[in-house]
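Peer 1: Got a structure for you, written out below as structure tokens; questions coming shortly.
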Amino acid sequence: MSCLQVNNLDVRHGQLAAVRGVSMTLNKGDVVALIGANGAGKTTFLRAISGAHSPAAGTIQLNGNEITKLSSHKRVAAGLALVPEGRKLFSNMTTEENLLLGATSARSGEWNIEKIFQVFPNLSKRRHTKTGTMSGGEQQATAIGRALMSNPDILILDEVSLGLSPLVVDQVYQNLERLLATDTTIILVEQDLSRAMKVANRAICMLEGEIVLDKPMSLVTRDEITDAYFGLH
Ligand code: ATP
């Protein structure tokens, strides 16, 4: 059974059709790089999936259950977790406190605070540190860990590298690579194509609200992705 099934999704910002007729099927363990220029509709699509923005048309199913009309909170309980652009941590709270906030839904599973510290060992040293005083990379790892605390079937990461120095991005990706070994299904928006190609096993490219390329990473070339990104055929 597919993990996530999106059918003909349309999402609008007033008059603007930001996502148009998007369909995709994700299977367990898929790591999808969602690629596209600024304004292509990636964030709008992810917001519709996570319940932050209602679609104008189309359906979303998670593990065979329709979730199109559920609130964001209920989608987390159903198995979706979003790490938003900009992290959105509580800076006056410690790493541990922020992580515990992620455990609000009653889903059981392999993830708990000790496993997060085991997979992201750099965070365990920061357990009792207020996140506002930590480096961007440590904060990003905390945001990813907080999302994992809900034991999601699908983890959605929107531009995890944004605003971080290359060195810190390396640290975040080291953490992500550890995560890949745990067979979590992931949708990743990443502007850095080399990094996206390295971690993902599938490339989906959006252009002006539509999917213009959807291929296994092993069967796609960098040129093909770049052409799709710029709308060249
Ligand atoms: P970026 O990488 O810049 O975040 P994106 O691919 O995520 O780009 P979206 O942010 O989803 O693209 O934007 C898709 C389209 O919707 C763009 O034309 C954008 O200007 C428009 N848009 C996004 N958010 C809103 C909003 N809140 N109100 C009106 N229009 C919006």
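Peer 1: Shape verdict for the range 84-206, please, from the Cα gyration tensor: rounded (a/c under 1.5), prolate (a/b greater than b/c) or oblate.
Peer 2: oblate
Peer 1: Follow-up. Answer rounded, prolate or oblate for the range 3-138, using the Cα gyration tensor with square roots of eigenvalues a ≥ b ≥ c: rounded when a/c is under 1.5, else prolate when a/b is larger than b/c, else oblate.
Peer 2: Prolate, because a/c is 1.5 or more and a/b exceeds b/c.
Peer 1: Could I ask something else about it? Bin width 10 Å, alpha-carbon pairs only: give the P(r) of the range 13-62 as whole percents, running from 0 to the bin holding the largest distance.
Peer 2: Binned Cα distances yield the sequence 20, 57, 21, 1.
Peer 1: Still on this structure, please answer the following. Under the rule of -39500 (n - 2.57) per DSSP H run of 4 or more residues, summed and divided by the residues of the chain, what mean residue ellipticity at 222 nm is obtained, to the nearest 500 deg cm²/dmol? Show your work: numbers first, answer last.
Peer 2: On the way: 9 runs with 78 residues, N = 233.
Here the helix-only value at 222 nm equals -9500 deg cm²/dmol.
Peer 1: Let me ask something else about it. Of all DSSP beta bridges in the chain, what percent run antiparallel (nearest 5)? Numbers along the way, then the final one.
Peer 2: On the way: 21 of 38 bridges.
Bridges in the chain are about 55 percent antiparallel.
Peer 1: State the percentage of accessible surface on the range 11-138 attributable to carbon and sulfur atoms; use a 1.4 Å probe and exclude ligands, DNA and RNA.
Peer 2: In the range 11-138, the share of accessible area belonging to carbon and sulfur is 50 percent.
Peer 1: Given a Förster distance of 30 Å, report the FRET efficiency between residue 201 and residue 133 from their Cβ-Cβ distance, rounded to the nearest 0.05.
Peer 2: Between residue 201 and residue 133 the formula returns 0.25.
Peer 1: Evaluated at 37 °C with a viscosity of 0.692 mPa s, what Stokes-Einstein diffusion coefficient in µm²/s does the range 112-178 have when Rh comes from the Kirkwood expression over alpha-carbon pairs?
Peer 2: Translational D for this selection: 270 µm²/s.
Peer 1: Moving on. Taking amide hydrogens as modeled 1.01 Å from N in the peptide plane, which residues meet the under 5 Å criterion relative to residue 57, leaving out close sequence neighbours?
Peer 2: 10
Peer 1: Can you put 230, 120, 90 in order of accessible area, largest first, using a 1.4 Å probe? Mind dumping the intermediate values first?
Peer 2: Working: 230 135, 120 0, 90 110 Å².
Sorted by accessible area, descending: 230, 90, 120.
Peer 1: Residues with beta-carbon under 13 Å from that of residue 188, excluding residue 188: net charge, scoring Lys, Arg +1 and Asp, Glu -1?
Peer 2: -3
Peer 1: Take the Cα atoms of the range 48-92, find their three principal axes, and give me the spread along each one in whole Å, biggest first.
Peer 2: Cα spread of the range 48-92 along its principal axes, largest to smallest: 38, 21, 13 Å.
Peer 1: While we're looking at this one, here's another question. For the range 78-208, with only Lys/Arg (+1) and Asp/Glu (-1) charged at the beta-carbon, what is the dipole magnitude about the Cα centre, in debye rounded to 20?
Peer 2: 360 debye
Peer 1: Computed on alpha carbon atoms, what radius of gyration and Dmax characterise the chain, expressed in Å?
Peer 2: 17.1, 52
Peer 1: Relative contact order for the range 47-172 using alpha-carbon pairs under 8 Å, separation at least 6, rounded to a whole percent? All intermediate terms of the calculation are to be shown ahead of the outcome.
Peer 2: Numbers: 184 pairs, mean separation 39.9, N = 126.
Here the relative contact order equals 32 percent.
Peer 1: Can you give the accessible area per residue of the chain, in Å², using a 1.4 Å probe?
Peer 2: On the way: 10670 Å² over 233 residues.
So the chain comes to 46 Å² accessible per residue, rounded to a whole number.
Peer 1: Right, next: Report, in cubic angstrom per residue, the convex hull volume of the C-alpha atoms of the range 174-223.
Peer 2: Enclosed volume per residue, from the Cα hull, is 91 Å³.
Peer 1: Might you work out the accessible area of residue 74 for me, using a 1.4 Å probe with all protein chains in place, and round it to the nearest 10 Å²?
Peer 2: Using a 1.4 Å probe on the heavy atoms, I get roughly 120 Å².
The values are calculated or read from the model by the stated rules, or taken from the named source; none is laboratory data. What you are looking at is a predicted structure, and each value in this text was computed from that prediction instead of being measured. When we count neighbours, we look across all protein chains shown, and the Cβ atoms used for this are built from the backbone with ideal geometry, even at glycine. Accessible surface areas use protein heavy atoms only, side chains included; no ligands, DNA or RNA. Shrake-Rupley method; radii C 1.70, N 1.55, O 1.52, S 1.80 Å.
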